[in-house]
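Reviewing the structure listed below.
The values are calculated or read from the model by the stated rules, or taken from the named source; none is laboratory data. Bear in mind the structure is a predicted one, so any value in this text is a computation, not a measurement. Virtual Cβ from ideal backbone geometry, glycine too; neighbours counted across all protein chains shown.
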Amino acid sequence: MQLQKKLSFPLIAPIIIMLAIPFSILVGTRGALGGVVVGVGLGVVYWAVAALFEAMGAVGQLPALIAAWSPDAIFFFLGLYFFLKMPT
């Protein structure tokens with residue numbers, strides 16, 4: 001589990017950036033504080049999901065490969081969805 005977690009960990013930054021881009025475009029309507037709150041909230045949710053999947057992988061409920069890469073995959077597709085739905 002720890003090996004797979006070490007391999008998937010570096011992708012957190014680009015995935016969170018891709019997820020944050022659509023919300024940064026909306027800062028004009030909500031104000032700067034709204035963007036900061038959304039960013040911190042996204043970070044906390046990612047951390048909680050990653051901890052949940054890591055715990056499930058550590059006790060054997062999920063295979064290590066799936067447990068380590070699932071948070072990255074979930075947030076990548078969520079970021080891709082919001083990126084494609086972003087107003088132009």
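In the set (1) of a type in the set (A, V, I, L, M); (2) within 24 Å of Ile21 (Cα to Cα); (3) touching a residue at least 12 places away in the same chain (Cβ under 8 Å), Val44 fails one condition alone, (3).
Condition (residue is in a helix (DSSP H, G or I), at pLDDT below 85, surrounded by 13 or more Cβ atoms within 10 Å (Cβ to Cβ) and not aliphatic (A, V, I, L, M)) applied to the range 53-70: is it met by at least one residue? No, the range 53-70 contains no residue that is in a helix (DSSP H, G or I), at pLDDT below 85, surrounded by 13 or more Cβ atoms within 10 Å (Cβ to Cβ) and not aliphatic (A, V, I, L, M). Residues in the range 45-70 that are under 12 Å from Ser8 (Cβ atoms) and out of contact with any helix residue (DSSP H, G or I) (no Cβ under 7 Å at 6 or more places or on another chain): Ile66 only.
Of all residues in the range 71-88, those satisfying the criterion of being assigned to a helix (DSSP H, G or I), without any contact (Cβ under 8 Å) to a residue 24 or more places away in the chain and either within 15 Å of Ile12 (Cα to Cα) or β-branched (Val, Ile, Thr) (or both) are Ala73, Phe77.
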